[in-house]
1. For region 2-157, what does the alpha-carbon gyration tensor say about shape, rounded, prolate or oblate, given a ≥ b ≥ c as the root eigenvalues, a/c under 1.5 as rounded, and a/b over b/c as prolate?
2. Taking the Cβ-Cβ separation of Ser311 and Phe6 as r and a Förster radius of 41 Å, what is the calculated FRET efficiency to the nearest 0.05?
3. Give me, ordered by chain and number, the residues 5 or more places off Lys333 or on other chains with an amide H under 5 Å from its own placed amide H.
4. Once you have the Cα-Cα distance between Ser136 and Thr205, take 0.36 nm times their residue separation minus that, and quote the gain in nm to one decimal.
5. Do any trypsin sites (Lys or Arg not before Pro) in region 110-209 lie in a loop, going by DSSP, with at most 16 other beta-carbon atoms within 10 Å of their beta carbon, and if so which?
6. Output wanted: per-residue J couplings in Hz (rounded whole) for region 180-186, from phi through Karplus 6.51 cos²θ - 1.76 cosθ + 1.60, θ = phi - 60°, x for Gly and Pro.
7. Sort Met133, Met1 by Cβ crowding within 10 Å, fewest neighbours at the top.
8. Cα gyration tensor of region 288-341, axes a ≥ b ≥ c as square roots of the eigenvalues: rounded (a/c below 1.5), prolate (a/b > b/c) or oblate?
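Here, each number is a calculation from the coordinates, and none is a lab measurement. Predicted, not measured: the structure shown is a model, and the values here were computed from it. Please note: Cβ atoms are built from the backbone with ideal geometry, for glycine as well, and neighbour counts cover all protein chains shown.
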Amino acid sequence: MEAAIFGLVEDNPQPSVRFLQEWSVVRAIHSSAELENAFWKAMDAAVEQRAGAMVSFLAIVGHSARCLLHTQSDDRLLHFATNALPRVLPWAMAQHYTPRLYGCVVVDMVWNVCQASGKMQSLLDQYSMVRQMLQSAPEMPNTQRNIEKLTQDFYLSVFHPLEHFTLETLCYHLPRLAHLVADEWMAVQWFDTTVTRIPKRNTDTKLAECQPAEWVAKAAGGGPLLAAEEAMMEQTTSAGHIQKKITPWKQMLPDVDSLAVSSAAAAGRKKSSQSSTNDLIVIASLIDRIPNLGGLCRTCEVLGAKQFVISTLRVTEEKDFSSLSVSAEKWIKVTEVIRYF
């Protein structure tokens, strides 16, 4: 759990990684009251480190409340809700827009769980006035619409960390709903002959009927797959061929030992493999968004670009840059060209 929380706070991960990290923390909290106490300490400390990370902590709180309902003792749920409400309510009024949206949604999630338990009315009475103020507060432009979108997001409405803990969710639905490329989806049929303690298939089709959330699609740089595309991918993945992640083209040269080639051809390939770059120079000195620069840097490394030009080398030290570049700046030439206008 400590490693997952550290990644959420320090790395600003992509949606696919973030979902898995949050999921692991939720399951840890559900399994141990001691780990729950450690989570509250980490949440309090994360406020001072990176405000953007609070959306993950708020999502963990909402999922954990649902998991504790009907699966743990009433005292355990009461202890969790007593710690959750005073921490979540302030974020429903925070100045940061995205954490505020998550705060409003998670307050309702925890509140509904407390009402469903039927034994926490005294706790709800303590915060009823604050919740009434939130519900009667003047609506900011687009806020209610975005809250409704977030409420309908598969991750906060359909996904259940306990009921959907299966290989089907881990290897197929979560990559699909996190908008990973279809090569990363692994059909559950591949595990039919595998002996595992993790259940293989979901008992319902709720996740199968979901589409990637709008914010996930934007973070991945695209939109949800069309129904025809998804059906085509299901036919493709059933063939049982697992494809690798993208690899820099310079590392994909044929192996001399595996091909019957002449010594002259082998020598020519050896000479070409010594050149790790081509003549491509990518100039991105007019781009300001740090995450975009990090992604471009990784792309340059994948394609073997000769040089990557940016307006200041300081951005390579930013977390938003390194989380997307994944150390690509250490393997290609990065040059600084300062803007003078």
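1. oblate
2. Efficiency computed from Cβ-Cβ geometry: 0.85.
3. For Lys333, whose amide H was placed from the backbone, the distant partners under 5 Å are Phe308.
4. 21.2 nm
5. Numbers: sites: Lys119, Arg131, Arg145, Lys149, Arg176, Arg197, Lys200, Arg201, Lys206; in loops: Lys119, Arg197, Lys200, Arg201, Lys206.
Here the trypsin sites (Lys or Arg not before Pro) that fit, given the DSSP loop and packing criteria, are Lys119, Arg197, Lys200, Arg201, Lys206.
6. Working through the residues one at a time gives 6, 4, 4, 4, 8, 7, 10 Hz.
7. With the sparsest Cβ surroundings first, the list reads Met133, Met1.
8. Oblate, since a/c reaches 1.5 and b/c is not below a/b.
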